[in-house]
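**Student:** Starting off with a structure, shown below.
FYI, it's all coordinate maths here, none of it is from the lab. In this text, all values refer to a predicted model and were calculated from it rather than measured experimentally. Quick reminder, even Gly has a Cβ in these numbers, built from the backbone with ideal geometry, and neighbours come from all protein chains shown.
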Amino acid sequence: MTTFIVLLGPPGVGKGTQAEILARSTNLAHISSGDLFRENLKNQTDLGKLAKSYMDKGELVPDDVTIKMIRDRLKRDDCKSGAILDGFPRTPAQADALEKTLAEFSGQVDKVPYITAAEDILIERTGGRFTCRASGHIYHETFNPPVKVGVCDIDGSELYQRDDDKKETVTKRIRVYLEQTMPLVEYYRTRGKLVEINGDQAVEQVTQKLLAALKT
Ligand code: ADP
Ligand code: ADP
């Protein structure tokens, strides 16, 4: 038995925060496409350099390289019982590729929580987001501050603000999301997998709703 969960929702709605919590409580792997790109960038790989040129503009990295990166990640041992996918798929082509990849190891996407919030909330959340340099742990200067300013509670590494969390880039990313990722809402709804979750609640409340949705 495997369990694959896809977290769907606009930039800044709380996918990464919830994926981290769910991965801990379910023992499933947490796969964040954004984190994988940022890791490649930190290591100055060709993929990282290519991805940066799109990320800086708030555009999506092309499907072929993104799909290859996730396929490779899904083949690792820690995904044997499943994974929580955060930020992938983001296009119908990526969703088709995911379906094919999971079928290769007799898996499938089980549930797709679709987390929503109004645009002003997304702007407020991304505007105050701080990310940990070592492993991508997520904070917010007001809503989820670290114990010590600028330092990750979990691994003590430096916290930084992502270049693409500037307001102009976030506005662009929301537009790209509406154009390219919104079709996945219908894609998963018609397959009976979509569960809508109101993301405009405290972190703990969103987690409760998610856990309840995953049990059904
Ligand atoms: P957010 O936290 O706002 O959802 P991510 O960290 O998931 O942002 O993504 C940051 C950037 O990385 C995106 O704007 C895009 O350029 C790139 N990216 C991440 N996931 C994908 C994907 N599945 N397909 C294409 N590009 C992606
Ligand atoms: P995404 O992965 O969807 O882009 P994140 O999980 O990185 O979103 O969250 C974006 C920002 O909002 C982070 O600074 C995070 O600490 C904060 N955040 C996440 N969930 C909530 C929530 N329910 N209420 C308030 N702030 C939140």
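Residue by residue, here is whether (1) more than 9 Å from ligand 1 (Cβ to nearest atom); (2) within 17 Å of the chain's Cα centre (by Cα); (3) more than 23 Å from Met182 (Cβ to Cβ) holds:
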position	(1), (2), (3)
Pro11	no, yes, no
His30	yes, yes, yes
Ser33	no, yes, no
Glu39	yes, yes, yes
Ser81	yes, no, yes
Ala95	yes, yes, no
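**Student:** Could you run through the range 118-172 and say how many residues are surrounded by 14 or more Cβ atoms within 10 Å (Cβ to Cβ) and in contact with a Leu (Cβ under 9 Å, 6 or more places away or on another chain)?
**Tutor:** Qualifying residue count for the region: 10.
**Student:** Could I ask something else about it? Of all residues in the range 13-28 being within 12 Å of ligand 1 (Cβ to nearest atom) and of a type in the set (S, T, N, Q), which is surrounded by the most Cβ atoms within 10 Å (Cβ to Cβ)?
**Tutor:** Gln18
**Student:** For the range 38-58, how many residues meet the condition of being away from ligand 2 (no atom under 13 Å from the Cβ) and within 30 Å of Leu211 (Cβ to Cβ)?
**Tutor:** 1
**Student:** Say whether the condition of being within 12 Å of ligand 2 (Cβ to nearest atom) and of a type in the set (Ser, Thr, Tyr) is met by at least one residue in the range 132-143. Quick ask: steps written out before the conclusion?
**Tutor:** Of the range 132-143, the ones within 12 Å of ligand 2 (Cβ to nearest atom) are 132, 136-143.
Those still in the list that are of a type in the set (Ser, Thr, Tyr) too: 139, 142.
Within the range 132-143 (the criterion being within 12 Å of ligand 2 (Cβ to nearest atom) and of a type in the set (Ser, Thr, Tyr)), the answer is yes, since at least one residue qualifies.
**Student:** Give me the strands (runs of 3 or more DSSP E) completely within the range 79-186, filtered to those with at least 1 residues that are in contact with a Pro (Cβ under 9 Å, 6 or more places away or on another chain), ordered by residue number. Show your work before the answer.
**Tutor:** Details: elements: 82-86, 109-116, 129-132, 138-140.
Correct list: 109-116, 129-132, 138-140.
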